[in-house]
Amino acid sequence: MKRLEIDTRRGAGRPVLLVGLVVAALILTTLWYREGDSGPLHAVRRGIVTVSQPFAAAGTFVTIPLRGLGNWLGGLGTSRSDYDALKAQNLELKQRLAGLEEAKLENERIRALVDFAKTQDLKTVGAGVIGRPTDSRQRSIMIDRGTGGGVKLGDAVIAAGGLVGQVVEVTPWAARVRLITDSDSGVAVLVQRTRANGIVRGSIQGPLQLEFVDKALAPVRGDVLLTSGLGGVYPKDIVVGEVTDVSSQQVDLFPTITVASRVDIDRIEEVLVILGASPTSSQPGGGE
Amino acid sequence: MNKAFPAALALVVAAILQVSIAPHLAVFGVVPNILFLVVVTLAFVQGPVAGGVSGLIGGLLFDLIGTSIVGPYALVLSVVGYTTGMLSANLFAEGWILPVTIVAVASLSAELAYGIVLAVLGLGGTFWRDVLTVMIPSAVYHTVLAVLAYPWLARYLRADRPMRSFRRLA
């Protein structure tokens, strides 16, 4: 009976409180829109980026075994007896090899990054990825370079395969990068072959979408997209991706074009921040 | 013991886990929302007032952790927390099925409401595609996580009324 009494009391709702909570949330949303980048909510978000940096880095480190387990599960095709026979023999070698292999892979990735930056003639600074997307809808990563490393709000971020995203929050030691796959992201591009202009947008579903391309200049599968430089956010001629599908109905004003990035964005570990890109708004959709 | 302290601590720990561990538990791009699980559990064990207030705070934390505008998820989670608290307080639950069902319904409702709010603000992707690729998978994922986490969370958050078994917690 006592439990029933407690539950009844707990069930007494307070509609006024609910209205108050809704109003408070609406005020926060309005404040966010109106205050600008130097407002208190933006400052709190920057503070949270600063505070969360060590936790994000720790999470990346702590989950190494988890990712290793995933890789191990992926390799279960090997027969158990073979594995046991080789295990003892190769244990020490594996340990040494793992270290060397990691160093080699890291070396290759960084070399590719540096080569890429050289070919683009860009002033860049390298950064490691320490945080992954914290939300199913938003696509952003955290990197271990901030204003102390010369990174500024609005700087473009690239990897060996091309464009990765744009810095939307920056602190002295870390920065948050909105990926081009984020649904709020927009990149002004041109089709390398036809020179048609368009906007590449991210989507929650994964593939990028190329929008606002003239039907007469529509690309075909395999066409490469480059940043157009329009809007001044991203430097010109950085690879954004390749066209993977084009479809168009007669009634459509623009064709539906699907694009794949050349960067494996979900697994990216190192990036280059292009220094000196024009500062821009960190508001959603504030790409180009 | 004051009920606010464990609730506040749970929200802070959830926020830390959201930035550190949750990103690495993503399945097909669906990242678990640990703050949501804590808010719903709080609503379930402490009622609509705690659910609503923790929803506003947890939603605000979630908004601040992300890169989009601040406020929409706070709005959604405060309403979902409050409603969950009302539901759970008025439905007598003796088992694990009801809490898990409520988590599933609350998750789907929160995702739908968040999608609608983002669409109204001109953000987010194509709504109906999001239903299939984000909302329903998220609801399923959160329900599975709730089965694992709810008994432990509820036991911690109901420290003022100790229970001997997980069955009694529900």
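Computed from the coordinates by the stated procedures, all read-outs in this text should not be read as laboratory data. None of the values given here were measured: they were computed from a predicted structure. A quick note on method: Cβ atoms are made from the backbone with ideal geometry, for glycine too, and the neighbour counts reach across all protein chains shown.
Quantify how strongly other chains surround peptide A:15-26 by giving the mean number of their Cβ atoms within 10 Å of each of its Cβ atoms.
Mean inter-chain Cβ contacts per residue within 10 Å come to 6.
Suppose R0 equals 25 Å; then what is the FRET efficiency for B:HIS24 and B:ASN90 from their Cβ-Cβ distance, rounded to the nearest 0.05?
0.10
Over chain B, what is the mean sequence separation of C-alpha contacts under 8 Å (at least six apart), divided by residue count, expressed as relative contact order in percent?
Taking the mean separation of contacting Cα pairs over the length of chain B, I get 23 percent.
Just to be sure I understand the model, the point goes 7 Å from the Cα along the line to the Cβ. What's the resulting A:ASP264 to B:LYS3 distance in nm?
4.9
Given contacts defined as C-alpha pairs under 8 Å and at least six residues apart, what's the relative contact order of segment A:186-260, whole-number percent?
For segment A:186-260, the relative contact order is 30 percent.
Looking only at other chains, what is the average number of their beta-carbon atoms within 10 angstrom of each beta-carbon in B:132-139?
2
Across peptide B:25-32, how many C-beta atoms of other chains are within 10 Å of each residue C-beta, on average?
Mean number of neighbouring Cβ atoms from other chains: 4.
Pop out the Kirkwood hydrodynamic radius of segment B:48-163 from its pairwise C-alpha distances, inverse of mean 1/r, in Å to one decimal.
15.0
What is the Cα convex hull volume of segment A:186-260 when expressed per residue in Å³?
So the per-residue hull volume is 82 Å³.
Would you order B:TYR156, A:TYR234 from fewest to most other beta-carbon atoms within 10 Å of each residue's own beta-carbon?
So the residues, fewest neighbours to most, are B:TYR156, A:TYR234.
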